[in-house]
Amino acid sequence: MYFGLGALLDTAVSLSTSTVRPRGGGHLHATTACRAPPAGASAPTPFGTQAVRAARDAASYAPVRPGGGEGVVMTVLHDSGLTRAFDRAAGAYDPLTALNPGYHRHLRRAAERMLTGDQRARGGDGMRVLDLGCGTGASTAALLGVAPKARIVAADASAGMLERAAAKAWQGDVAFVRAPAEGLEEAGVCGPFDAVFAAYLVRNLSEPDVVLRDLRRMLSPGGRLAVHEYTLSGAAVHRAVWSAVCRGVIVPLGSLGPGGGRLYRHLWRSVLAFDTAGAFARRLRSAGFESVRCAAVRGWQRGIVHTFYATAPAASREDTAQEAGSSGQP
Ligand SMILES: C[S@@+](CC[C@H](N)C(=O)[O-])C[C@H]1O[C@@H](n2cnc3c(N)ncnc32)[C@H](O)[C@@H]1O
């Protein structure tokens, strides 16, 4: 199904080497797996362990009932079904986001505010940052814009999206890795990270609480998480604006590209079905994050897109054992 770098990705993963060397500028430093999988573990696959893959396939197209009283069951894509949709639509992703006013500016602002003043002043020197759900690299570029000296690991489940990202010319220390958020360590993506950026990812996850707790554990004590996401304010007007923009612009435009409108109908529906901003802030606290803050963006996305900043507590690593078996529901 994949070709070019996509095929290379598959091969790389099957050889237990999950780092992608871009063919673009040749400036990337390949980051090797930070830790070998535990002895006896099955070899990494494109979706991590066999168990993770089986769970993902089973949940690839899941019905959800969005809050807000539509009175209908909508479907959103998950896991392997979602990854396939991103693979197919990857070629149109950059042109479509270029038409979205504020998209790149908001990403850059979110990345900038994730860093402390000192980290910004040093251009991220000495930092190790994870860009989870990096897609075609828009969030990676935002990170590099504010932290050009950081070492960035950019991970995504979609070979098609990664292929686009890795083909770009990058200045700096960036390694693209094919890895699902639910199986980072199996794919060789290990902490500690000084910061984790997740832009437009978390709403897509089947088990966001599990992934958030994993990310908290992968952060250094005091490390920062920034989640930039479509999260409605809860006000009826913002929900109505979102549906109007999707119905009138996003879905029709997305339907013109490869993969049809499937991914963009998913975008519409998944936002309606996901947490409001307040609920997501509570979810972060339940996952053990501290100092949770929520910032609104300007433009048509006001009340529709928010950035959440949160800190891993100093005790995060010690919590791990105590948490085994907890449901993690907010
Ligand atoms: C909407 S794109 C955002 C890309 C980029 N962060 C940006 O800001 O433009 C979401 C990305 O998350 C990836 N993704 C979705 N679910 C994932 C998962 N469970 N694990 C890893 N990546 C996932 C998709 O493949 C896609 O590339």
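We did not get these values from a lab; they are worked out from the coordinates using the rules stated. What you see is a predicted model, and the numbers here were worked out from it, not measured in a lab. We place every Cβ from the backbone using ideal geometry, glycine too, and count neighbours over all the protein chains shown.
For the residues SER139, SER206, what sequence is obtained by ranking on other C-beta atoms within 10 Å, fewest first?
Fewest-to-most ranking of SER139, SER206: SER206, SER139.
Can you give the FRET efficiency to the nearest 0.05 for GLU207 and ARG285, using r as the Cβ-Cβ distance and R₀ = 25 Å?
On the way: r = 17 Å, r/R0 = 0.70.
Efficiency, from the Cβ-Cβ distance: 0.90.
Listed by Cβ neighbour count within 10 Å, with the fewest neighbours leading, TRP300, TRP242 appear as TRP300, TRP242. Note on segment 91-136: Cα convex hull, mean projected area over all directions, 3.9 nm². Taking a ≥ b ≥ c as the square roots of the eigenvalues of the Cα gyration tensor, an a/c ratio of 1.5 or more together with a/b no larger than b/c marks segment 147-197 as oblate. Judged by the gyration tensor of its Cα atoms, with axes a ≥ b ≥ c, segment 237-320 is prolate; a/c meets the 1.5 cut and a/b is the larger of a/b and b/c.
Sort VAL227, VAL153, VAL196, VAL249 so the one with the fewest other Cβ atoms within 10 Å of its own Cβ comes first. Intermediate values should be presented prior to the final figure.
Numbers: VAL227 31, VAL153 27, VAL196 24, VAL249 14.
Fewest to most other Cβ atoms nearby, the residues stand as VAL249, VAL196, VAL153, VAL227.
Compute the length gained on full extension between ARG105 and ALA167: take 0.36 nm times their separation in residues and subtract their Cα-Cα distance, giving the result in nm to one decimal.
Numbers: separation 62, 0.36 × 62 = 22.32 nm, distance 2.22 nm.
Full extension of this stretch gives 20.1 nm more.
Applying 1/(1 + (r/R0)^6) with R0 = 22 Å to the Cβ-Cβ distance of ASP94 and ARG120 gives a FRET efficiency near 0.25.
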